1. Would you mind computing the Rg to Rh ratio of segment 196-344 from its alpha-carbon coordinates, Kirkwood style for Rh?
2. Could you give the Stokes-Einstein D for segment 250-323 in µm² per second, using the C-alpha Kirkwood radius, 37 °C, 0.692 mPa s?
3. I'd like the antiparallel share, as a percent to the nearest 5, of DSSP beta bridges with both residues in the chain.
4. If we count other beta carbons within 10 Å of each Cβ, what is the order of Met236, Met1, fewest first?
5. Given charges of +1 on the Cβ of Lys and Arg and -1 on the Cβ of Asp and Glu, with all other atoms neutral, how large is the dipole of segment 76-212 about its Cα centre, in debye to the nearest 20?
6. Would you mind ranking Thr126, Thr223 by Cβ crowding within 10 Å, fewest neighbours first?
7. Hey, fewest Cβ within 10 Å first, where do Leu162, Leu199 land in order?
8. Using only helices, what value at 222 nm comes out for the chain when you add -39,500 (n - 2.57) per DSSP H run of length 4 or more and divide by the total residues, to the nearest 500 deg cm²/dmol?
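A short reminder: the numbers here are calculations on the coordinates, not readings from a lab. All values derive from a computational prediction rather than experimental measurement. All Cβ positions, even for glycine, are placed from backbone atoms using ideal geometry, and neighbour counts span all protein chains on display.
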Amino acid sequence: MKILVTGGCGYIGSHTILRLLEGGHDATVVDNLSNSQYESLLRVQKIAGRELVFLEADITDPVALDRVFEHNPVDAVIHFAGLKAVGESVQEPLRYYRNNVTGTLNLLESMDAHDVRTLVFSSSATVYGNNPQMPLKEGYARGATNPYGRTKQQIEEILIDLQASDPRWRMALLRYFNPVGAHPSGLIGEDPLGPPNNLFPFVSQVAVGRRDTVNVFGSDYPTPDGTGVRDYIHVMDLAAGHSAALDYLSDHQGVHTWNLGSGQGHSVLEIIRSFEKAAGRSIPYNLADRRPGDAPVSLADPSSAFRDLGWKAAETLESMCADSWRWQENNPNGYRTEAVPAVP
Ligand code: NAD
Ligand code: UFG
């Protein structure tokens with residue numbers, strides 16, 4: 001198939017495109033490079049030994065999107081493009097709604113106008129809000145608690161309404177839990193611009209000496225060691241989940257929602273210890289206050305994805321840490337070639 005991938009230069013997109021190319025699909029990538037570098041796709045092409053088409057464009061520009069579809073006929077779209085920082089979304093809600101929701105509306109209109117009605121969408125476990133019932137199942141009520149999460153929730157609703165109006169649409173809503181890790185080559189990985197918001201990139205930047213100490217946000221949660229528990233999912237497993245969802249849509253209409261998680265929980269301290277083993281060095285940390293808005297535990301019930309797609313997480317905490325570390329150690333400044341100064 002020919003697949004259009006929005007946001008394909010980013011972390012999850014680049015790993016998924018590699019999987020698509022290795023599976024014999026062709027990829028056209030649209031990205032505005034607001035949170036990524038084209039270098040990621042140069043490396044994807046190097047690993048795959050195949051070429052793709054890259055078009056620098058912004059999904060909030062409907063004219064540019066129409067041109068993309070007009071000149072690049074595709075069979076399906078995987079839609080990663082979006083802003084994803086929770087704290088920033090609280091400060092700049094309009095930018096988040098415009099980029100994520102308006103961008104998706106433009107994409108859907110262009111797809112419809114060009115008779116492309118198969119879509120895989122990057123949703124998030126954040127749509128479950130602070131629901132304490134663990135593990136989380138797809139049928140639970142949504143209740144996102146911040147503007148970023150509400151953009152995902154609103155987009156899910158838009159997709160459901162659109163499919164109800166025209167049964168030709170085939171849609172997969174993939175709710176990712178906590179994506180981590182990197183391709184085992186160490187050539188592509190997560191490369192956040194500025195201080196990382198998420199635990200894994202922060203821990204790996206401390207391990208490589210770019211930052212001094214990990215702040216552990218909360219040590220008095222009702223969890224075995226008092227620190228937050230999450231369902232970490234290796235990005236290569238996520239990439240396989242996208243490919244399985246695309247296969248499923250080739251013979252199923254309708255809207256299908258799947259959690260992509262491992263079903264296993266790991267605490268912040270477990271992650272730090274496991275990363276220390278992978279990196280062969282100690283990682284200083286400091287027990288700090290809870291981060292506002294954080295849930296004590298977030299865990300997927302991934303059984304629907306296994307039932308429908310035959311997909312389940314195959315990687316381990318050890319491989320998540322080893323692969324993240326290989327990427328970080330080989331690329332201490334991410335995709336940038338010039339050194340990023342260490343934070344004092
Ligand atoms: P990322 O920031 O690395 O990738 C997103 C890409 O989209 C970037 O390359 C960025 O430049 C591009 N982009 C953003 N706005 C755009 C626009 N208007 N037009 C064109 N391109 C645009 O993020 P990621 O971690 O790879 O996440 C991919 C998707 O998965 C996002 O939609 C995110 O919300 C979702 N998601 C991520 C996580 C996570 O923890 N990484 C968890 C759940 C869901
Ligand atoms: N944490 C720390 N120190 C840090 C960063 C995080 O202790 O420097 C802790 C958090 O308190 C939490 C755990 O590590 O207990 C994981 O935090 P992340 O920020 O890595 O991930 P979250 O679970 O908070 O959120 C992530 C994405 C969201 C997404 C959510 C559910 O960032 O966008 O998973 O998919 F919505």
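1. Details: Rg = 17.5 Å, Rh = 17.0 Å.
Rg/Rh: 1.03.
2. Working: Rh = 15.3 Å.
Calculated translational D: 215 µm²/s.
3. Given both bridge residues lie in the chain, the antiparallel proportion sits at roughly 5 percent.
4. Met1, Met236
5. Here the size comes out at about 240 debye.
6. Thr223, Thr126
7. Details: Leu162 18, Leu199 22.
Taking fewest neighbouring Cβ atoms as first place, the list is Leu162, Leu199.
8. Numbers: 12 runs with 130 residues, N = 344.
Calculated from helices alone, the mean residue ellipticity at 222 nm is -11500 deg cm²/dmol.
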